[in-house]
Amino acid sequence: MEPLPSSWYQAIFIRKSRRSFHPRRPEEDKIVRLEKLCREFRPFPVARAELVRKSPDEVFRGIVGGYGRITGASYYIAFLGPEGVPHVEEAVGYTGEGLILEATVLGLGTCWVSGFFRPAAVRAHLDLPEGERVFAVTPVGYAEREYTIKDRIYRGIAASGKRKRLDEIVSGDLAEPWQRTAVEAARLAPSASNRQPWRFAAAPGSLTVRTDGGKDVGRFPKRLDCGIAMMHVAVGAQEAGAPGRWTLLDAPDVARFDISA
Ligand SMILES: Cc1cc2nc3c(=O)[nH]c(=O)nc-3n(C[C@H](O)[C@H](O)[C@H](O)COP(=O)(O)O)c2cc1C
């Protein structure tokens, strides 16, 4: 696989979901850079992302039960793939998290939203082929400098700052230093309701990602969350000097990362 930008490693530690945005529009060069990445970053060709130069307010309007209505963003990115194709969810998560980390590097705020948005409003903005599903969106813009009261409430509901301990999510020995860097990066990944549905099995030269089992509820596929964690694994491994490649696997496994020989 192509090397990932090394700046994405720092971004893992800075990124937080942001839901309240400032009216100031991001500079044109930043948006052009994100548009270019949307076109060119296709690590799994089945998934793609498209930046929409419109406010996402319509996309979030009237959402009942949304646990963090998003307001005021300048633009948004839609994360797309064909409906019902094997491995599309993890591919969307992996690809989308690349965009999220790049936006973070550019100083822009984001928030993965896979459940509480209106796909029909996205379709009104984009000419999508039949059978292509909008798996998720993220607002893109300058977040308000401080968390608003709304932000604090929603961060509290999802306990967004908390992450599971490594011994709760890892099996096998983290015998190789890159494995620890990779799973520590993966542990910080965002997930729907911060449920962290990923598990990692370490073996010589590899890390296998699987879900914690159980069924998906609504529009919150666990394999999408696992795809996001896969991106953090790859960025962490590369940072530790151990780039590698992914093999996609069938449920309940998601994918195995093998370091390059
Ligand atoms: C796939 C996915 C879907 C999400 N859906 C929503 C959503 O519908 N509404 C929302 O406010 N936040 C949503 N989130 C954001 C999570 O609540 C957030 O990532 C988690 O609480 C961890 O917080 P952090 O991103 O600040 O680290 C989603 C995150 C992911 C990864």
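Would you kindly identify the helices (runs of 4 or more DSSP H) lying entirely within segment 159-246 that contain at least 1 residues that are farther than 22 Å from Arg15 by Cβ? Spell out the reasoning first.
Working: elements: 166-169, 177-187, 222-239.
Passing ranges, in order: 166-169, 177-187.
Just need a number here: residues in segment 126-151 that are within 12 Å of the ligand (Cβ to nearest atom) and either assigned to a loop (DSSP other than H, G, I, E, B) or at pLDDT below 90 (or both).
Our first condition is that a residue be within 12 Å of the ligand (Cβ to nearest atom); within segment 126-151, this holds for 135-139, 143, 147, 150-151.
Remaining after also requiring either assigned to a loop (DSSP other than H, G, I, E, B) or at pLDDT below 90 (or both): 147, 150-151.
Counting residues in segment 126-151 that are within 12 Å of the ligand (Cβ to nearest atom) and either assigned to a loop (DSSP other than H, G, I, E, B) or at pLDDT below 90 (or both) gives 3.
Does Pro190 count as within 16 Å of the ligand (Cβ to nearest atom), within 13 Å of Val254 (Cα to Cα) and not assigned by TED's automatic domain parsing to the domain that holds Phe44?
Spelling it out, it is not the case that Pro190 is within 16 Å of the ligand (Cβ to nearest atom), within 13 Å of Val254 (Cα to Cα) and not assigned by TED's automatic domain parsing to the domain that holds Phe44.
Which of (1) modelled with pLDDT of 95 or more; (2) in contact with a Gly (Cβ under 8 Å, 6 or more places away or on another chain) does Arg165 not meet, given it meets every other one?
With (1) modelled with pLDDT of 95 or more; (2) in contact with a Gly (Cβ under 8 Å, 6 or more places away or on another chain) applied to Arg165, the lone miss is (2).
Quick one: how many residues across segment 1-52 are among the β-branched types (Val, Ile, Thr) and within 16 Å of the ligand (Cβ to nearest atom)?
Start the filter on segment 1-52 by keeping residues that are among the β-branched types (Val, Ile, Thr), which leaves 12, 14, 31-32, 46, 52.
Filter once more, keeping what is within 16 Å of the ligand (Cβ to nearest atom): 12, 14.
Residues that pass the stated criteria total 2.
Which of the helices (runs of 4 or more DSSP H) found entirely inside segment 1-120 contain at least 3 residues meeting this: surrounded by fewer than 20 Cβ atoms within 10 Å (Cβ to Cβ)? Break it down into steps so the answer makes sense when it comes.
Values: elements: 7-14, 28-40, 57-60, 88-105.
The helices (runs of 4 or more DSSP H) meeting that bar are 7-14, 28-40.
I'm checking my understanding of the structure. Among residues of segment 160-170 that are within 11 Å of the ligand (Cβ to nearest atom) and surrounded by 11 or more Cβ atoms within 10 Å (Cβ to Cβ), which one is farthest from Trp198 (Cα to Cα)? Please lay out each step first, then the result.
So in segment 160-170, the residues within 11 Å of the ligand (Cβ to nearest atom) come out as 160-163.
Okay, now just the ones that are also surrounded by 11 or more Cβ atoms within 10 Å (Cβ to Cβ), so 160, 163.
Values: Ser160: 16, Arg163: 12 Å.
Checking each candidate, the answer is Ser160.
Would you check if Ser6 is farther than 21 Å from Gln238 by Cβ and polar (S, T, N, Q)?
When the stated conditions are applied, Ser6 does not pass them.
Table: residues versus (1) touching a strand residue (DSSP E or B) at 6+ places or on another chain (Cβ under 8 Å); (2) exposed (fewer than 12 other Cβ atoms within 10 Å of the Cβ); (3) free of Cβ contacts under 8 Å to residues at least 60 places away in the same chain; (4) outside the structural domain of Cys38 (by TED's automatic domain parsing).
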position	(1), (2), (3), (4)
Ala136	yes, no, no, no
Val140	yes, no, no, no
Ala143	yes, no, no, no
Glu146	no, yes, yes, no
Ile149	no, yes, yes, no
Ile153	no, no, yes, no
Gly172	yes, no, yes, yes
Pro177	no, yes, no, yes
Glu184	no, no, yes, yes
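I'm trying to understand the selection: among the residues of segment 108-124, which are away from the ligand (no atom under 13 Å from the Cβ) and out of contact with any helix residue (DSSP H, G or I) (no Cβ under 8 Å at 6 or more places or on another chain)? Break it down stepwise before answering.
If we filter segment 108-124 for residues that are away from the ligand (no atom under 13 Å from the Cβ), which is where we start, we get 108, 120-124.
Of everything in segment 108-124, those that are away from the ligand (no atom under 13 Å from the Cβ) and out of contact with any helix residue (DSSP H, G or I) (no Cβ under 8 Å at 6 or more places or on another chain) turn out to be Ala120, Arg123.
Going by the structure shown, is Glu97 of a type in the set (Asp, Glu), within 13 Å of the ligand (Cβ to nearest atom) and under 23 Å from Tyr147 (Cα atoms)? Let's see the steps before the verdict.
On the way: of a type in the set (Asp, Glu): yes; within 13 Å of the ligand (Cβ to nearest atom): yes; under 23 Å from Tyr147 (Cα atoms): yes.
Yes, satisfied.
The values are calculated or read from the model by the stated rules, or taken from the named source; none is laboratory data. Values in this document were obtained by computation on a predicted structure and should not be read as measured data. Methodologically, a virtual Cβ is constructed for each residue, glycine included, from the backbone with ideal geometry; neighbour enumeration extends over all protein chains shown.
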